[in-house]
Structures are given as structure tokens and as C-alpha cells.
Amino acid sequence: MVLRWTAEPTGEAIVNVVLSLNEQAQKLHGQEVATASYSNVKPTLKSFDEIGLKIDEIESAIQDLKGHEGRYLRSMVNAFRYFGYSLQGDDLSYEEYIANIQELPSTLITEEQITRQQEIVEEGLTNLGYKGTFKEKADKWHTDTLIDPEKVTAVAESLKEKSKQGTLERVIRLPEEDGINTIKSIRDVFWSGYSKYSGNFRGNLTFNIDRPWTEPVLAQIMCHEGYPGHQAFYCRWDYLFQQGKLPLEASYYLINTPTNALFEGGPESALHFLAWDRDEQETEGITKQAKQQYKLGRDYIDYQRMAMTNACYMYNFGQFNKEEAVEYMITTGNLTSVEANNCYRFFSDPIQRTYYPSYYYGRWMVGKAYDAVEKEKRADFFKVLYDTPHTTNTFIDAVSKLTGKEFAPFDRVKTAEEDFAL
């Protein structure tokens, strides 16, 4: 039994557009952008003209669709159109692309926010006994927790079962067939970790060992790529679709749509969902000392991501060249040269440049939403996040309804105490 939000031809047309955009992205840039599709629909649209005409038909069919379904689909189909513009190289402003594709702001993170986040990191370093300047403390912590590149996959393997068990106990249920087949290493890519869904509730993880890995940071990224991050999302959606609980019109994941901030923001907050960074909750197999390290690791990633996101914006606004963007990330975010250059390759990529803001803003939005929800309503929150198709804007409205007060994660700060630091 297939769940549908629209008449039969429209649902198939939506998935057809998604998969046809994927074919164009592969043809032009050698990249897969539809990273999961759970239905039997196949792509048939062979050109951007055909895709555009099909989008016209879909928009006509859904223009009067009421409620959440209408809002969701109209935003998604609008993003399909703008993603098509981007793939064709249309000269629209970066702000216009981000607003229409991601439903996210294009405002720089302020110096005040970055300084406040650095203070949070420095407090964590001081509490662990590190001394000296901020850079001296951070670099020594990095050295003390560094993992040999050849041991990265083994450390990731050691975290797999603990994170899955925590997911099942604290976050969502997964089918018995769920699992990660392999955890491998790779070089010569710009990303840090990658979760590839292979179908039938199974997936594979890959970690880039050109970049340096510390155990506290690897734990975050393992939870991001595995449980309760991407593998959990992919598997859960597949299960829901097969159960007739996820509509055909949302039975895929497509890079460069307004779902991206949720898909990256959930995994960016994944370790926090497991309470691996919170002393007030007992977590089997995770010591108090490990939690202290994991909290610091999360705070440090947030700090670095601020510099990386600003560099992304400044480069794509045309205000930084490559050298200036890399230097800014090294100086402002304490990234290594390898990390900064990889990040530059990421946000200068013709497809990923309009995807990259989803990491920081997704973390900001989902992390703040989770913390705003009462403990007794956590199950309801996870149903919103994992089980309900949402765009950035419909998710914000759903959190407002769940908390009973306006949720406005992207409002500007007024004081240091009201900062965006997570």
C-alpha cells in the first residue's frame, strides 16, 4: 500500500523530476545527488527543458493542495526548479539560491558569536587541565587525542554498537534487518565522512584519513554518519515507506532542497540525542571523562563550523578568493591546512556550494529545537524529525506548536547570553 499526498500521476512525476535531476548532476559533475529513493519510479526526463515542463505540470497540480502537504510540496518543487537553474549555471545571486533551495539565511556569523563559542571551548579545555593561550590549549588537546590514520576505522567500529543501542533506547526504533556492512577509509576527497545507503535497511560508512582525526571528534562524526544520524534516517524512511507511512512524494533524499538542514542538523546533533555529552544522564558504556571530552569535541566542531560557514559565504559572495578563504579558516577557526583546503573544495564545488550552509544552520536549528522541547515530549520531537517530511520552515512551525511558543532559531542575537552557541 503506497501512501500518497497527491493524485497518482503527480506523485510519480515528483519522483521522476528528482531522479532526472540526479541524472543531470551525474552527467555534468559526476555526482550523485539523489542519495536514496525507495519507490520503483525511474527517471525518464532527458533534458532540463523536459524537467522544467514537468515542474510546471506539478506546480499546477499542487497549487491548491491544503495544509502541511501543500506547503511541503510547493517548497520542494520550487527548490527543484532553482536547483535546475544552478546546474545550468544561471547567474542568480548566492542569497537567492540559498533562500529558495534551502530556506536558510545568508547572513554572516558575527564576531561576537564566534568569540562566545571560542570562550565555551576554552572553558572546556581549561577544565581538562590545559594551560596557555587558546591556540596552545587547543593544539595540545588535539595532539593528546589524535588517532593514527590507520586506526580510524577500528575506533569507529568500536563506537558502532554503542551508538546503535543508544539510538534504539533513546531515539527511534529500527527494523531488525538494519545494519552497517562496512566501515572503510579513503583519501583524496574533500568530505570527512560519508554514509552510503545500499538499500534493504543496510549502509556503508567511509572516513577520509587525509584529515587528522581525534577520538572526541570521530565520535561525533561516527554518530553523524551512523546512529542516530544518516544510516538511522535512511533506514527509518525506507521502513516507513514500505509500511505505507511515508508518502511517495517524499520517498527520496535529494541534495539541494529545503529538507537538507534537517537531514544534516539531526546528525550534527546525534551524539547529543544519545546524551553522550551530558553528565546529568547516565549512559551505559560512556564514562564521565568521555562525556567531558565529547562535549568539548562538539563545542569545538561548532566553533570551527562558524569559521567554515563564514568562509563559504564570503567566497560565494565574491569577497574572498581561495587563499583568503583558507587563511580565514585557519586563523579564525584553528583548522589545519588540510581541513581548510578540504572545506574550500567542498563549498566551492558547483553542487555542494548551495548545500554547505545546511550543516551549520541545520545544527543550529535542530539542536536548539531539541533543547527547547520538554523531556516528556522528546518522543514527539523525534517523530517530527525522523518520521514526518519537513522543510526548514514547516519544521520551525512544528517545533513552535510542540513547545507552545514561537521557535525562531535564526533571529539575531541581542546579548552574549542570548548567543547562538550550542
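Report the gain in length on full extension from residue 65 to residue 181: 0.36 nm times residue separation, minus Cα-Cα distance, nm rounded to one decimal.
37.7 nm
Over the Cα atoms, compute the radius of gyration (one decimal) and Dmax (the largest Cα-Cα distance, rounded to a whole number) for the range 176-310, in Å.
Cα-based Rg and Dmax for the range 176-310 come out at 15.8, 45 Å.
What size of dipole, in debye to the nearest 20, comes out for the range 213-286 about its Cα centre when the only charges are +1 on Lys and Arg C-beta atoms and -1 on Asp and Glu C-beta atoms?
Dipole of the range 213-286, to the nearest 20 debye: 400 debye.
Mind checking the per residue accessible area of the chain for me, 1.4 Å probe, whole number of Å²?
42 Å²
Give the carbon-plus-sulfur fraction of the accessible surface of the chain in %, rounded to a whole number; probe 1.4 Å, heavy atoms of protein chains only.
47 percent
What does the accessible area of residue 410 come to, in Å² to the nearest 10, when a probe of 1.4 Å is used?
Approximately 50 Å² of residue 410 is accessible to the 1.4 Å probe.
In nm, to one decimal, how far is the modelled label at residue 26 from the one at residue 194, with both set 7 Å along Cα→Cβ?
Modelled inter-label distance: 1.4 nm.
Can you give the helix-only mean residue ellipticity at 222 nm for the chain, where every DSSP H stretch with n ≥ 4 adds -39500 (n - 2.57) and the sum goes over all residues, rounded to the nearest 500 deg cm²/dmol?
-18000 deg cm²/dmol
Could you give each residue of the range 84-98 its phi-based ³J(HN,Hα) in whole Hz, using Karplus coefficients 6.51, -1.76, 1.60 with θ = phi - 60°, and x for Gly or Pro?
So the Karplus estimates, Gly and Pro as x, are x, 4, 4, 4, 7, x, 4, 8, 9, 5, 4, 4, 5, 5, 5 Hz.
Considering only the other residues whose Cβ falls under 12 Å of the Cβ of residue 220, what net charge follows from Lys and Arg at +1 and Asp and Glu at -1?
With Lys, Arg at +1 and Asp, Glu at -1, the net is -2.
Report, as a whole number in µm² per second, the diffusion coefficient that Stokes-Einstein gives for the range 1-137 at 10 °C and 1.306 mPa s using the Kirkwood radius over alpha carbon pairs.
87 µm²/s
Can you give me the C-alpha center-to-center distance between the range 310-353 and the range 362-416, rounded to a whole angstrom?
Value for the Cα centre distance between the two parts: 29 Å.
With every protein chain kept in the model, how would you rank 238, 144 by accessible area, 1.4 Å probe, largest at the top?
Listed by decreasing accessible area, they come as 144, 238.
Once R0 is set to 30 Å, what does the formula 1/(1 + (r/R0)^6) return for the Cβ-Cβ distance between residue 374 and residue 287, expressed as a FRET efficiency to the nearest 0.05?
According to the calculation, E is roughly 0.60.
Please list the radius of gyration and Dmax for the chain, considering alpha-carbon atoms only, with Å as the unit.
When restricted to the Cα atoms of the chain, Rg and Dmax are 20.8, 65 Å.
Given Cβ point charges of +1 (Lys, Arg) and -1 (Asp, Glu) and nothing else, what value in debye, to the nearest 20, does the dipole of the range 54-158 about its Cα centre take?
240 debye
Under a Cβ-only charge scheme (Lys and Arg +1, Asp and Glu -1), can you give me the dipole magnitude of the chain about the Cα centre, in debye to the nearest 20?
With only Lys, Arg, Asp and Glu charged at Cβ, the dipole is about 700 debye.
Kindly write out, for the range 224-231 in residue order, the coupling ³J(HN,Hα) from the Karplus curve 6.51 cos²θ - 1.76 cosθ + 1.60 (θ = phi - 60°), rounded to whole Hz, with x marking Gly and Pro.
Whole-Hz 3J(HN,Hα) from phi for the range 224-231: 5, 7, x, 10, x, x, 4, 4.
Return P(r) of the range 268-322 (all Cα-Cα pairs; 5 Å bins starting at 0; whole %; ordered from short to long distances).
The calculated distribution, bin by bin, is 4, 19, 21, 15, 10, 9, 8, 7, 5, 2.
With every protein chain left in place, what is the accessible area of residue 338 in Å² (1.4 Å probe, nearest 10)?
It works out to around 70 Å².
The values are calculated or read from the model by the stated rules, or taken from the named source; none is laboratory data. All figures in this text were calculated on a predicted structure; none of them were measured in a lab. Please note: Cβ atoms are built from the backbone with ideal geometry, for glycine as well, and neighbour counts cover all protein chains shown. Just so you know, the surface numbers come from the protein's heavy atoms only, side chains and all, with ligands and any DNA or RNA stripped out. Shrake-Rupley method; radii C 1.70, N 1.55, O 1.52, S 1.80 Å.
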